[in-house]
Amino acid sequence: MALLDIRNLSIDIITAQGKIRVIDKANLNIIDGSIHGLVGESGSGKSLIAKAILGLHNENWIVTADRMFLGNIDLSKLSSRARRKIMGTEIAIIFQNPRSYLDPSKKIFDQIREVLPKKSHHKRFFSKVVPKLRASEQQIIKELLHKVGVQNDQAVVQSYPYELSEGICQKVMIAMAIANNPRLLIADEPTTSMEAVTQAQIFRLLYKLNQLHNMTILLLSNNFGSISNLSDYISLIYCGQIVESGSYKQIVNSPMHPYTQAMIKTIIEFDDGVDHKGQLYTLPGSIPPANQLPIGCRLGPRCPKAQRTCVSNPEAVNYKGHIIRCHFPQLDDKKDANTPHNK
Ligand code: SF4
């Protein structure tokens, strides 16, 4: 069953040069209890979609959607104030650069205490661990930090954000995000600029939250390789359009859109041995600015399979739940069949 059902979400931004469409008829169907990866290069519009879901858009944005439901809550009908109310209790978000979202002048203890739920929520979330409503704030904060893998909680709660590593700050952000046991956690490039070991820890933590607490996660990333194995479903976004979407198996074993195929080729397989002078694969060119989009298919100028027909914009077509927006969807000849899901 879909927890988040978005159909034909479009975002137009009013600028001095006129109205610019930055998200074009995006569909997202996030199944309850799943991890859904949303992958695209920087500037493709992932964070804009997250902000539209949360109602964090600016006054110069025009957000329209045929349907935008979280469970049975119609998000499009909520006022900004009502939308803010469900943030934290129903939906929570964590960002890249976590330290910049923490208050530098307050200790971690005070920052987590500010987001702790009301007592009725305590009961729902902590009743298994803490009998009835007797849990003290210290105990709840300690449990939250242990839940996200922070062992030296005493030292961490007495610290200011600048005294902690980026990885610990992200774990604190995750602890704050899950304090109200939200139904949907949006992780917006949560491991950007972190070292490899910390990245692995954060992804492992998100995976555990999904498996042990049945938390639905929308994972945004520009790195297909780092999140694909965690994801049950994957959507690829390019220049504000979802170009391919489906289950892990459909996307990784049978990618049919040239953009997805290019993203998969960028994954470095160290097991196969990497020639120290070898060229790593990249899609030629770069993502165009939103006010200079090409005519027709937006990938056209960079697409290795572009043909004359591609000067017209392709519509999204649904092949048994595998959605592709391309005039010439086809399996990549060089693709190895059936990559196992390591989740
Ligand atoms: S429609 Fe044409 S240009 Fe666009 S992705 Fe498909 S083949 Fe490439």
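Taken across region 101-123, residues that are at pLDDT 90 or above, of a type in the set (S, T, N, Q) and part of a helix (DSSP H, G or I) do occur, with at least one present. Looking across region 307-317, just one residue is within 7 Å of the ligand (Cβ to nearest atom) and within 17 Å of residue 242 (Cβ to Cβ), and that is 314. Scanning region 73-86 for residues that are surrounded by 16 or more Cβ atoms within 10 Å (Cβ to Cβ) and within 30 Å of residue 137 (Cα to Cα) yields 83, 86. When region 57-72 is filtered for residues that are closer than 26 Å to residue 214 by Cα and surrounded by 16 or more Cβ atoms within 10 Å (Cβ to Cβ), the ones remaining, listed by number, are 68, 69, 70. For region 144-163, residues that are modelled with pLDDT under 90 and more than 19 Å from residue 202 (Cα to Cα) total 0. For region 318-336: of the residues being surrounded by 13 or more Cβ atoms within 10 Å (Cβ to Cβ) and away from the ligand (no atom under 11 Å from the Cβ), which is modelled with the lowest pLDDT? Of everything passing the filter in region 318-336, 335 is modelled with the lowest pLDDT.
Within region 296-306, restricting attention to residues that are more than 6 Å from the ligand (Cβ to nearest atom), more than 25 Å from the chain's Cα centre (by Cα) and in a loop (DSSP other than H, G, I, E, B), which residue is surrounded by the fewest Cβ atoms within 10 Å (Cβ to Cβ)? Result: 304. Take the conditions (1) within 10 Å of the ligand (Cβ to nearest atom); (2) over 22 Å from the mean Cα position of the chain (by Cα); (3) surrounded by 13 or more Cβ atoms within 10 Å (Cβ to Cβ); residue 293 misses just one of them, which is (1).
Please identify the pairs in which a residue from region 1-19 that is among the basic types (Lys, Arg) has its Cβ atom under 8 Å from the Cβ atom of a residue that is surrounded by 11 or more Cβ atoms within 10 Å (Cβ to Cβ), counting only partners at least 6 apart or on another chain. Going by the 8 Å Cβ cut-off, the qualifying pairs are 7/27; 7/65; 7/66; 7/67; 7/68; 19/12; 19/13; 19/62.
Return a yes/no flag: does region 261-284 have any residue that is farther than 20 Å from residue 43 by Cβ, within 11 Å of the ligand (Cβ to nearest atom) and without any contact (Cβ under 8 Å) to a residue 60 or more places away in the chain. No, the conditions are met nowhere in region 261-284.
For the residues 192, 198, 266, the requirement of being under 20 Å from residue 51 (Cα atoms) and surrounded by fewer than 23 Cβ atoms within 10 Å (Cβ to Cβ) singles out 192. For the structure I just gave you, tell me whether residue 241 is under 24 Å from the mean Cα position of the chain (by Cα), buried (at least 19 other Cβ atoms within 10 Å of the Cβ) and within 16 Å of the ligand (Cβ to nearest atom). Criteria met by residue 241. The listed residues are 194, 176, and the only one of them that is touching a residue at least 12 places away in the same chain (Cβ under 8 Å) and assigned to a loop (DSSP other than H, G, I, E, B) turns out to be 194. Exactly one of these conditions fails for residue 230: (1) buried (at least 24 other Cβ atoms within 10 Å of the Cβ); (2) modelled with pLDDT under 95. Give me its number. Looking at each condition in turn, residue 230 falls short on (1).
The values are calculated or read from the model by the stated rules, or taken from the named source; none is laboratory data. Bear in mind that the values here come from a model prediction, so they are computed numbers and not experimental data. Cβ: placed from backbone, ideal geometry, glycine included. Neighbour counts: every protein chain shown.
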